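This report refers to the structure that appears directly beneath it.
The values are calculated or read from the model by the stated rules, or taken from the named source; none is laboratory data. Remember, it's a predicted structure, so these values are computed and weren't measured experimentally. All Cβ positions, even for glycine, are placed from backbone atoms using ideal geometry, and neighbour counts span all protein chains on display. The protein model used for the area step is the full one, side chains on, heavy atoms only, and it has no ligands, DNA or RNA in it. Shrake-Rupley method; radii C 1.70, N 1.55, O 1.52, S 1.80 Å.
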Amino acid sequence: MELSYREALNQALAEEMERDGRVFLMGEEVARYNGAYKVSQGLLDRFGSARVVDAPISEAGFAGLGIGAAMTGLRPVIEMMTWNFAILALDQIMNNAAKIRHMSGGQLRCPIVIRGPSGAGGRLSSQHSQALEAQYAHVPGLKVVAAATPADAKGLLKSAIRDENPVMMFEAELLYGAKGEVPEGEHLVPIGKADIKRPGSQVTVLTWGRMLTACVLPAAEALAKEGIDVEVVDLRSLRPLDEETILASVNKTNRAVIVEEAWPFASVGASLVDLIQSKAFDALDAPVTRVNGLDINMAYAANLERATSPSVERIVEAVHHVLYR
Amino acid sequence: MARAAVKAKPSKSAKSKAAAKRTLHAVPRRADPFTLGGQQKVEVYTSMLRIRLLDERMMTLQRQGRIGFYGTCNGQEAATIASAYALRASDWIVPALREAGAMLMRGFPLVPYLAQVFGNSGDITKGRQMPSHPAGRAVNQVSWGSCIGSQLPHAMGAAWAAKLQGHDTVVIGYLGDGATSSNDFHVAMNFAAVFQAPVVFVCQNNHWSISIPTHKQTASESIAIKAKAYGMPGVKVDGNDADAVYAAVAEAVARARSGGGPTLVECETYRMGAHSSSDDPTRYRDQAEVDAWKKRDPIEGYRARLIAEGHWSAKKDEALRAELLEQINAAIKTAEALPPPDHDTLFEDVYFDLPWHLQEQRAQFKAALQRAGGSLAGALPGSAH
C-alpha cells in the first residue's frame, strides 16, 4: 500500500504499542498536538494519555525519564522535535543510555528508542539543519539507523522498538510527506542490513537518509542516460554497519562514492573510507571520493541552503571522477 | 519533630525563614508509623557502623595502593542508611556517590562489593566501574553516573514507569548539595511534580562539593525550600539523626506510595572526610568546622541514644565492632585474592548481542594478545594485565 513516510512511522508506533503494553511515546507536542510533524497523529486518542505523553520542554528530561523507565522494564519511544535539540540530552544518551548495560555488567538494560528528524528542513538555518548521526554512531552501546523510504521507516522503527539496545533513529523533515510502497502486514527491517536501492555494475554510491531520494537516485538516473551504471547502496543502519553488503558492492564495481548530508570531518563517510581502504584496497580502481554538505553552518537564504547540501551535479561529477572521465 | 517542613502550600516568607532556621533541635519522640522500633534501630545502627568500618579500611587500602579510588560515606551514615531503611526490597535506589552502604544493608554481599572496589573477576560489573559506583540489580540499586545530577531524571523516570504500570514501587533518587545546581536537578524536580511520580529525592547536604561550600552552590535559604517552587513538599531534617532521617523519608515514601507524588528531603549532614581519595580538604576547609561536626558524629550520637533507650550496650557494641571488622577483613582477603577480569569480558555488554564488528575486534585483540605472549601492557600505568 502507498503511505507517506509519516504515516509509515505512525503505523509502526501504533502496531508496536498495540503489540506490547510496555511501549510508550513521549516528547514535546506528541500527544494533544499529534506531533510537531504529525507522526503521532491519532495515537493519543487510541492509546490514552498514560502512554502518549506530552512532556515539559526538556530533552534531558524526557530522555532521562525514558532511561529510568527502560532500566525498570518499559520500552520508551522518545521523540525529539529535531536531532538538533537532542544535543541538550547528549549526556543522558552518551553517558547513560549507551553505558548502563556495560557499567552494570549486563545487569541492567536500556531498550530505548530516540527518534526525530535530522538534516536540512527547508530554510530553517543552522540550528535546525544539522545532520549529527556521526556523533551517535561514534559511541559504543548505541545503534543508529536512518530511513530513506516509508517502507524502511516503518520496518526500522518496529525493529528499533523491539531491540534490546538504545537505538537512535534519524528521520528527515523533508521526507515526512514523501510517499512510497509499504508492504502489507507485519513489516520488519533488520537493523544492520543495508539495501541495494539500485543495482549497478560500474560505480558504488553509498548513502543513507534523505540523500537517497533527494539527489543520489536522480543522479544515478542522469548517469544512466550517459551509459554509466551506478549501484546505489542505502546503508539504513550506520551502527552496526552492513560491511558485507558494502564490500561486496565495492568488490564488484571497484569504485566508490559516498554521499552524505553531514559535514565531511570525522563523519560516518570518513569511517566508510577507512573501511573500504582497509578491507577492499586491492579492489579499488580509483580513490574513494566523497560528496558531503559543505563544511560550514547552514544559511537561511534558499540559494545558499541549496548550495550547501550535496546535489545531483556534485554526485555526477564525483562519479565521473572515479571513472577518470 | 526536628524537621522544619517547607510545604508546597503558601506560607508567609518570614514564617518559612524561621522554619528553615529551626532545624537541628532534639527530636521529640512520637508514636507513629514513621518511628523506628528498638530492633529496627539496632539494624540501622549496624548498617551505619558497617559502612563506617568498611570505608576506613578502604581508605587504608587506597593509601596502600591496593585499590584505585574511593569515596567514603564518613559522617553521612545516618542520612544514607536511615533513608534507605524506609524502602521496601521492591523499591529502587538511584544513588549518588555515597550510598553504597544502603546496598549492603539491602542484602548485597560484601565479597562482590569488595571485588567491585578491586575491579576483579569477582565483580559482577566486570571491572568496569570506579569504586563507590557499584550496581546490584538484585537489590534494585543502579550504578551512579559520575556526571553530577544525571541520575535524578532516571529516578524520576523509574518512578514514572512504576506508576504507569500500576506498581506501588517507590524510588529514592539521591543527590548532594552540589547537584542542586545541575540542570538535571531542575528537570527531575519539575517532571516528578508535573507527573506526580512516586519518587523521593534525598539530598545529602554535606556542606561541601569538593572545595565549594553550599552557599556558593545556591543562594536559597535552604535546599528543601526549592521544592516549593516545583509544587512538592520540601522537608529539612537533621541528617545526622538517623531517627529523624527515617521519619522524614518514611513519611515521604508513604506519601509517594499512596499516590501523593514526590518529596524533596534535605538531610543536613557533614562530609567529615575528604570528597574522595583524590582530595585533601585541609587545603580549603577550617579544621575547627570539622571538629565541631565531629562532635555530632551520627554513629556516636546514635549509639549513645540506643544505649540510653535501653536497646544497646557498650558490651554489645564492642562485640558488633569485632564481628563486623572480622567479616570485612575476611571479605577483603577473599576478594583481593580473586584474579583480574578475563580479557574476553572487554567486549561483553556493550550491546545485548555481540555485533559483528565487536566479534571482529575481539578476534583481532585475541590474536594480538597471543602474539604478545599474553600481555598487552598499554600506555597507562597499571594496565599490564
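Some observations on this one:
- Radius ratio Rg over Rh of the protein assembly as shown, counting only Cα atoms, Kirkwood formula for Rh: 1.03
- Distance cut-off 22 Å, percentage of C-alpha pairs in the stretch B:260-385 lying past it: 70
- Interface area, B with A, accessible, probe 1.4 Å, both sides summed, Å² nearest 100: 3400
- For the stretch B:22-147: rounded, prolate or oblate by the Cα gyration tensor [a/c cutoff 1.5]: prolate
- Exposed loop sites were defined as trypsin sites (Lys or Arg not before Pro) in DSSP loop states (anything but H, G, I, E or B) carrying at most 13 other C-beta atoms within 10 Å; in chain B the longest segment without such a site runs B:89-294.
- Accessible area of the stretch B:25-336 belonging to carbon and sulfur atoms, whole % at 1.4 Å probe: 53
- Whether the stretch B:25-336 is rounded, prolate or oblate, judged on the alpha carbon gyration tensor where a/c under 1.5 counts as rounded: rounded
- Accessible area in square angstrom per residue, chain B, 1.4 angstrom probe: 41
- Portion, in percent, of the accessible area of the stretch A:249-325 that falls on carbon or sulfur, probe 1.4 Å: 56
- Residues along the stretch A:92-112 losing 30 Å² or more of accessible surface when the other protein chains are present rather than the chain by itself (probe 1.4 Å): A:Gln92, A:Asn96, A:Arg101, A:His102, A:Met103, A:Gly105, A:Gln107, A:Leu108
- For chain A, with +1 on Lys and Arg beta carbons and -1 on Asp and Glu, the positive-most of A:Phe281, A:Leu74, A:Gly209 along the dipole: A:Leu74
- Legend: residues in the stretch B:141-162 shielded by at least 50 square angstrom of accessible surface upon adding the remaining protein chains to the isolated chain (1.4 Å probe, heavy atoms) are B:His154, B:Trp160.
- Charge dipole (Cα centre; +1 on Lys/Arg Cβ, -1 on Asp/Glu Cβ; no other charges) of the protein assembly as shown amounts to roughly 2340 debye.
- Probe 1.4 Å, protein heavy atoms only - accessible area per residue of the stretch A:191-325 in square angstrom: 42
- DSSP bridge analysis restricted to the protein assembly as shown gives an antiparallel fraction near 20%, rounded to the nearest 5.
- Residues in the stretch A:55-72 that, when all protein chains are in place, have 10 Å² or more less accessible area than the chain alone would give (probe 1.4 Å): A:Pro56, A:Ser58, A:Ala60, A:Gly61, A:Gly64, A:Leu65, A:Gly68, A:Ala69, A:Met71, A:Thr72
- Rg and Dmax of the stretch B:277-350, both derived from C-alpha coordinates alone, stand at 20.4, 55 Å.
- Global geometry of chain A, whether rounded, prolate or oblate, following the gyration tensor of its Cα atoms and the 1.5 cut on a/c: prolate
- At 1.306 mPa s and 10 °C, Stokes diffusion of the stretch B:54-99 via Kirkwood alpha-carbon radius, µm² per second: 131
- Backbone geometry of the stretch A:143-149 corresponds, through the Karplus equation with coefficients 6.51, -1.76 and 1.60 at θ = phi - 60°, to 3J(HN,Hα) couplings of 10, 10, 10, 9, 9, 9, 10 Hz, x marking Gly and Pro.
- 4 °C / 1.567 mPa s Stokes-Einstein diffusion coefficient of the stretch A:27-115, Kirkwood radius on C-alpha pairs, µm²/s: 97
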